[in-house]
Amino acid sequence: MKKHHDFSISVRNPFSAAKGKTRITIFVDDVILDEFRARAETAGGGYQTMVNNALKAYLADTDSQPVTEAMLRRVIREELPKARLAKHSGGRSKTRATDR
């Protein structure tokens, strides 16, 4: 190992998140995550961006009410059957990696 290391061209934490974003860890039902991943694959975007956009839209629509677990579960129960129906009636040509 060298006695002296040259850090003159190094950058500080090149893997830091974008400003205004925070990395979190949450538990989400498998069916919810699978649906967001499938939709993101179809749309050609990232599923995390899609989840973020869904949360933003929900918050904008709730007149500043806090999101509770019960409220989130209600929304998911209402929306998931619609998504499944649309998925089966529209028919996708692509297969997910988990289906292979």
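The values are calculated or read from the model by the stated rules, or taken from the named source; none is laboratory data. Keep in mind it's a predicted model, so treat the numbers as computed, not measured. With ideal geometry, Cβ positions are generated from the backbone for all residues, glycine too; neighbour counts draw on all protein chains shown.
Just to be sure, is LYS19 basic (Lys, Arg), exposed (fewer than 12 other Cβ atoms within 10 Å of the Cβ) and in a helix (DSSP H, G or I)?
Taking the combined requirement at face value, the residue does not satisfy it.
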Please go through the range 23-51 and give me each residue that is under 30 Å from LYS82 (Cβ atoms) and assigned to a loop (DSSP other than H, G, I, E, B), ordered by number. ILE24, THR25, ILE26, PHE27, VAL28, ASP29, GLY44, GLY45, GLY46
Identify the residue in the range 34-58 that is closer than 14 Å to LEU72 by Cα and more than 9 Å from the chain's Cα centre (by Cα) and, among all such residues, is surrounded by the most Cβ atoms within 10 Å (Cβ to Cβ). TYR58
Candidates LYS82, LYS56 - the one that is under 28 Å from ALA18 (Cβ atoms) and of a type in the set (D, E, K, R): LYS56
Just to be sure I understand the filter: pairs with C-beta atoms under 7 Å, separated by 6 or more residues or on different chains, first member in the range 45-59 and hydroxyl-bearing (Ser, Thr, Tyr), second member at pLDDT 90 or above. Which pairs pass? TYR47/PHE36; TYR47/ARG37; TYR47/ALA40
